[in-house]
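One structure below.
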Amino acid sequence: MRRVVKIAVISVAALFAIAMLAALPNPKDANISIAIARTLRISGLPQLAIPFYTYTMERAPKHGIVPRSRGLAYHAMGKHDAAIADYDLSEKLEPQVAYTNYLRAQTYAKLGRHEEVLKDLDTAVMKAPKDAKIRYYRAYYLLDNKKPWQAISDLNAVVAMHDPKSAGYYLVRRAHVYEDLGIASRMWADHFASCKGPARQKCMLKSILHVKKRQKEREDRKREIAKFEQMTAEDRKRSAEFRHLYATLTMEPQELQFRIHRSNSLIESKQYWPAISELSTIVAMRHPKWTRS
């Protein structure tokens, strides 16, 4: 029943979108159509945004932002090849824009094309070396691919781009990397450096408790992994939650932190539906019982 209702709603919305396209007052002015497309995309309706982006591209073929935006919509729909084609076109029209490479790297990451991801991220950093968002994404992609020291280099750059008051978040993230590497002195230095102002002592105490909590979680994770690895194949088949739990337990802490950071960034930019999707993934990872049908 829900599927039928969903299809009906999308069909009505599609008809409405087509009617709006036909009613645009000035076919030479694409500002209205791209504004509608963006609203639909960030509202979680990328499939309805596509016609508006296409309409705009026909009337403003030399603007790289339009295929780049349509690539975002295709990416949200899971049409990664189409997204890459649009990013390629955007890069051809605006080769100096680093954001295109950054977005295409995310799509390549979905496809598991590791070399292309790093190539695009390196290009994006070269084009915009002071873009903290791009450097931060590359840092956590490198962490996910077991390259902590290269990631620390990017995190160092991100910390240097922020003033002491706003660098605290990134200092804590770098502290986590040092913790995973077993370098306690640098870990504590970053944790304590992140504490500023009159509440510094309280912040330092909170950091100590946070580190102890992470250590306990790591020990618990190791015990649970050992427990699941001792299960027989038949036990694993009978366990409906095994795959989800094992994936959660073996998940790198950096991946979870990156997803949380990305959901926060989406919320700050008022992209609520993509943020909800990211938060749902986090919940599914940490609490598979909540998402079990």
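The values are calculated or read from the model by the stated rules, or taken from the named source; none is laboratory data. Bear in mind that the values here come from a model prediction, so they are computed numbers and not experimental data. Glycine also receives a Cβ, built like all others from the backbone with ideal geometry; neighbour counts cover every protein chain displayed.
The table below lists the values:
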| quantity | calculated |
| --- | --- |
| Flag for Ser185 being exposed (fewer than 13 other Cβ atoms within 10 Å of the Cβ), modelled with pLDDT of 85 or more and either not aromatic (Phe, Trp, Tyr) or not in a loop (DSSP other than H, G, I, E, B) (or both) | yes |
| Test: residue in region 240-262 that is at pLDDT 65 or above and either in a loop (DSSP other than H, G, I, E, B) or over 30 Å from Tyr102 (Cα atoms) (or both) | no |
| Some residue of region 107-116 being aromatic (Phe, Trp, Tyr) and surrounded by 19 or more Cβ atoms within 10 Å (Cβ to Cβ) | yes |
| Any chance Ala157 is among the aliphatic types (A, V, I, L, M), out of contact with any Phe, Trp or Tyr (no Cβ under 7 Å at 6 or more places or on another chain) and more than 30 Å from His210 (Cα to Cα) | no |
| Test result for Ala157, over 30 Å from Arg221 (Cα atoms) and small (Gly, Ala, Ser) | yes |
| Odd one out for Ser166, checked against (1) part of a loop (DSSP other than H, G, I, E, B); (2) at pLDDT 90 or above; (3) of a type in the set (S, T, N, Q) | (2) |
| Subset tally (residues that are more than 18 Å from Thr107 (Cβ to Cβ) and either out of contact with any Leu (no Cβ under 6 Å at 6 or more places or on another chain) or crowded, with 23+ Cβ neighbours inside 10 Å (or both)) for region 45-54 | 4 |
| Hits in region 187-201 - residues which are over 28 Å from the mean Cα position of the chain (by Cα) and more than 19 Å from Ser166 (Cβ to Cβ) | Gln201 |
| Residue check for Asp235: farther than 30 Å from Gln47 by Cβ, out of contact with any His (no Cβ under 6 Å at 6 or more places or on another chain) and either surrounded by 16 or more Cβ atoms within 10 Å (Cβ to Cβ) or at pLDDT 75 or above (or both) | no |
